[in-house]
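Peer 1: First the structure, which I've put down as structure tokens, then a few questions once you've had a look.
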Amino acid sequence: MSNEVQEIFLKDYKKPSFTIESVNLTFELFEEETNVTNIMKFEKLDESADLVLDAQELELKEVVLDGEVLGSDRYTHDEETLTISNVPQEFTLEIRNRIYPQKNTELEGLYKSGDIFCTQCEPEGFRRITPYLDRPDVMSIFTTTVIADQKKYPILLANGNKVHCHESFNTRHGVTWHDPHPKPSYLFALVAGDLDFITDSFVTASGNDVELNIYVDKGNSDKADHAMKSLINAMKWDEEKYGREYDLDIYNIVAVDSFNMGAMENKGLNIFNSAYVLADADTATDANFMGIESVIAHEYFHNWTGNRITCRNWFQLTLKEGLTVFRDQCFSADMNSSEVQRIQDVKALRERQFVEDASPTAHPIQPKSYISMNNFYTATVYEKGAEVIRMLHTLLGEENYRKATDLYFETFDGQAVRTDDFLWAMKEYGEFDLEHFKLWYDQSGTPSLEVEENYADGKYTLTLTQNVPNKVDGSLQKAMYFPLKIALMDKTGAVAEEKMLIISKESESFMFEGFEEKPVLSINRDFSAPVIIKHQDVDFAFLMQHDTNSFTKYEAAQEFAISILFKLMEDIESDISEYLEAFGALLELDTDLSYKALLLELPSISTLMQKQDVVDFEPLYKAKDKLSYEVAKKYEAKLLKLYFQNHEPLNSALDSKSIAKRALKNRVLSLLSALESKEIAAVAKEQYEHSLTMTDRITALDVLESIDAELSEIAFNDFYNRYKNNTLVMNKYFALLAASPREGVLDRVMALQNDEVYDEKVPNLVRSLIGVFARNYKYFHAKDGYGYKFLSDKIIEIDKINPQMASALSGAFKIYPKMIESNKKLMKATLECIVSTQGISKNTFEIVSKILK
Ligand code: PHE
Ligand code: ZN
């Protein structure tokens, strides 16, 4: 494999030699094969160029150029391309080819999810449908006709507006769709199936009536209301916040069970992983409802940031993804609690992106090269990309940011552009060092900021020293440019000074005057920059009580706990009374309940792991178990009281108050589980049996699993029997068991693979069982190496079915260079086994070989 792989570089980008004015596609869907007819109008831009079309796994039937059938001597067709030389300046090319969607397990191109025909073309799936210039800077107008059996596939969908229903012929029928907006092939979509749907409508600000449909598997239409409501809210929000209206007569969403990612923004025809559409109180958690709201909005927002204005090449991916994630985060903040949203976004960033950025697969938000583009739909491109847009928003301020985005939309509508073009628009309305800021697009790694404070004679000096880690290849990187929000408080917590500093140097000092005593610093408020703050001797207890910024207040609680956990790692009998006292104060805090639930959460194992130079999970778990136990023991009575104050088992409402109560009550129950007592097990059992929401049931199961094997088994059996016909719920079942803290997880995970509900071809199930196990650090990193062996065997097996899924699973090994020697040795052997496997995909090869380097 290694000598065949081709690395693609940003510096090699060349403009396309042809444009495609229009594409006319006809699909004849059958049970064995699908016939595709593709009629394209070309114009040649570069005199000397041959026409090189991307083509993968296609059975070519006929190539017709301007009405003339080409003999096989007129073109060459290999595994990746179809090349035709000596083509005229302008011409029409008609290609007929055959594909086999029923055999497509990669879930790229046209495939079947259960009984539904569907497509996934981003980034390079279209070339598995028909020969094409499959690159985002070739934009064309698509007309699509779908023909299939009328009974089996009554619903036939494609991009754009429905323009024609063909008279049925024998048992077959056909529909033609036309999308008037030029688009790249990655936004193409087609669906055929026997689907239920719900419908609604939206009138745009300029008065256009848009039909909204959500298509789901038969029998699921009662679970799509939340998705529809979210869509309407997103449409309204984009008009108000960005002045962006929808631009077709119809907006269709289809939910499918087999999907590699969350969802896809195909023009006018979004295709969704059903996990981000279907929900009701009995089967979905509050987090699921929020996830649906955000992903529905994300895909809708892409209509302007991604579709109307798209990417010139795949190196620009963060142009659409970073921006669209920032947009969906702001939307969710407006729909729910903005303080809770911000903390959750930062938590997610740290759990996934910070880990990636400190690993051998670290890359800038705009990568410089790739082997498989599929590997670059990363937390870095998405979440760090969103933080970079957020910094621009902070630097410009709300009003100028809006002017700048207006300019961006006005200037680049209908084009395929670069991150530089977006930054140009930002600079038109912002006072900042653009060239310096651009380093965020070119450098990898999380910068850290060391804080030093000096106080004398009423003067307070803050010295900040920035350190950007070396690149993966060991080369040095430069200090970055970013906004840093700070506040200085007096001893009562009153803010004396609140400021946004611009950090641009390796080291700089800022002076503040007029204090009677040393002020208390609150730094990186709102997490204004995605950096790591290193600050010694902080009075966390004070900040936990008095900080006026909800983010830094939360941060203080986390940092205090982290410092105590590291103390416990040194000496498990350390004095932790100060922390316990501060925690007690949090319990008394009168604040928003969902915010309070976050404040009471102890740091995750992943958070702690990131602070270790050499990672060893055992002492982390020991310290965390100890602290959890001490907290629960000291505050058992208070926690129980808080639990019962907020426990409303019969309330399944989704208003923010009800959600907040559940969040707090369940946080408290989880904290209490550290006692491993009969009493708490009984509370959890009661909650499992009598609560009406999935949120409550999931926490109860989790708690039972960690306290009492017997009760857990009874509850899990009940859960299984109740939900075995609902795959989405079964994902939760597998995930809970794979994340279990109880001995013997690996054996149980292995056995669960044989469960009749489990199916290795369905990505959600693989993620829930195998993916979740790989994040169960205690057992995945077991000293006997069986966790590693299990995962690497799975990767090799799944790689043959679905390379994208296999390479995603390989991510669990990213921590390799930081592990303690004994684990590292075990990991190395299994990783080498993966890369040397015959026929391993370039996706998996790219990730694993980078890890091994
Ligand atoms: N573009 C999709 C999104 O972020 C993600 C995606 C990428 C889905 C590639 C499928 C394949 O909304
Ligand atoms: Zn996206």
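Peer 1: Which loop trypsin sites (Lys or Arg not before Pro) in segment 161-231, with loop taken from DSSP, have no more than 15 other Cβ atoms within 10 angstrom of their Cβ?
Peer 2: Working: sites: Lys162, Arg172, Lys218, Lys223, Lys229; in loops: Lys218.
Hits after loop and neighbour filter: Lys218.
Peer 1: Next question. Just subtract the alpha-carbon distance of Glu517 and Lys218 from 0.36 nm times their residue separation and send over the number in nm, one decimal. Write out the running numbers ahead of the final one.
Peer 2: Numbers: separation 299, 0.36 × 299 = 107.64 nm, distance 6.88 nm.
Separation in residues times 0.36 nm, less the Cα-Cα distance, equals 100.8 nm.
Peer 1: For segment 8-194, just run the numbers: alpha carbon Rg, then divide by 2.2 N^0.38 Å, N being how many residues it has.
Peer 2: 1.02
Peer 1: In addition: Obtain the nm distance between the two label points defined at Leu434 and Ala653 by a simple spin-label model: each point lies 7 Å from its Cα along the Cα-to-C-beta direction.
Peer 2: Taking the simple label geometry, Leu434 and Ala653 are separated by 5.1 nm.
Peer 1: Choose one of Tyr786, Ser810, Leu765: the residue whose Cα lies farthest towards the positive end of the charge dipole of segment 743-819 (beta-carbon charges +1 Lys, Arg; -1 Asp, Glu; about the Cα centre).
Peer 2: Ser810
Peer 1: Follow-up question, since we're still on this one. Work out how much length Glu43 to Leu692 would gain on full extension: take 0.36 nm times their residue separation and subtract the Cα-Cα distance, in nm to one decimal.
Peer 2: On the way: separation 649, 0.36 × 649 = 233.64 nm, distance 6.14 nm.
Full-extension gain reported as 227.5 nm.
Peer 1: With labels modelled as points extended 7 Å from the Cα through the Cβ direction, what inter-label distance (nm, one decimal) is found for Glu581 paired with Tyr455?
Peer 2: The answer from the label model is 1.9 nm.
Peer 1: Next question, about the same structure. How large are Rg and Dmax for segment 357-489 when calculated on the C-alpha trace, in angstrom?
Peer 2: 17.5, 60
Peer 1: For each pair in Lys478/Lys825; Lys471/Lys534; Lys438/Lys534; Lys485/Lys518; Lys553/Lys661; Lys218/Lys800, compute the distance between the two Cα atoms and list the pairs where it is over 26 Å. Don't skip to the answer; put the middle values down first.
Peer 2: On the way: Lys478/Lys825 33 Å; Lys471/Lys534 20 Å; Lys438/Lys534 24 Å; Lys485/Lys518 19 Å; Lys553/Lys661 21 Å; Lys218/Lys800 31 Å.
Checking Cα-Cα distances, Lys478/Lys825; Lys218/Lys800 exceed 26 Å.
Peer 1: Rounded, prolate or oblate: which fits segment 611-766 when a ≥ b ≥ c are the square roots of the eigenvalues of the alpha-carbon gyration tensor, with rounded for a/c under 1.5 and prolate only if a/b beats b/c? Before the final figure, lay out the partial values.
Peer 2: On the way: a/c = 1.77, a/b = 1.13, b/c = 1.56.
In terms of gyration-tensor shape, oblate.
Peer 1: Run the numbers for Ser338 and Thr199: contour at 0.36 nm per residue of separation, minus the present Cα-Cα distance, in nm. Present the calculation step by step, with values, prior to reporting the outcome.
Peer 2: Values: separation 139, 0.36 × 139 = 50.04 nm, distance 3.02 nm.
My answer for the length gained is 47.0 nm.
Peer 1: Right, another one. Can you tell me the FRET efficiency between Gln612 and Glu28 if r is taken as the Cβ-Cβ distance and R0 is 60 Å, rounded to the nearest 0.05? Please report the intermediate quantities before stating the final value.
Peer 2: Details: r = 58 Å, r/R0 = 0.97.
For R0 = 60 Å, the calculated efficiency reads 0.55.
Peer 1: Do any trypsin sites (Lys or Arg not before Pro) in segment 59-139 lie in a DSSP loop with no more than 16 other beta carbon atoms within 10 Å, and if so, which?
Peer 2: Filter output for segment 59-139: Arg74.
Peer 1: Hey, another quick one. With Rg and the Kirkwood Rh both taken from Cα atoms, where does Rg over Rh land for segment 724-853?
Peer 2: Working: Rg = 14.2 Å, Rh = 14.8 Å.
Here Rg/Rh amounts to 0.96.
Peer 1: Calculate the FRET efficiency for Asn208 and Glu398 from the Cβ-Cβ distance with a Förster distance of 22 Å, rounded to the nearest 0.05. Please report the intermediate quantities before stating the final value.
Peer 2: Details: r = 28 Å, r/R0 = 1.25.
Calculated value: 0.20.
Peer 1: Turning to a different aspect of this structure: Throw me the Rg/Rh for the chain, computed over C-alpha atoms with Kirkwood Rh, two decimals.
Peer 2: Numbers: Rg = 27.7 Å, Rh = 28.8 Å.
Using only Cα positions, Rg/Rh for the chain is 0.96.
Peer 1: List the GluC sites (Glu not before Pro) within segment 392-472 that fall in a DSSP loop (any state other than H, G, I, E or B) and whose Cβ has at most 12 other Cβ atoms within 10 Å.
Peer 2: Details: sites: Glu398, Glu399, Glu410, Glu428, Glu431, Glu435, Glu450, Glu452, Glu453; in loops: Glu431.
The qualifying sites are Glu431.
Laboratory data are not the source of any read-out in this text; all were calculated from the coordinates shown. Computed from a prediction, not measured in an experiment: that's the story for all the values here. Quick reminder, even Gly has a Cβ in these numbers, built from the backbone with ideal geometry, and neighbours come from all protein chains shown.
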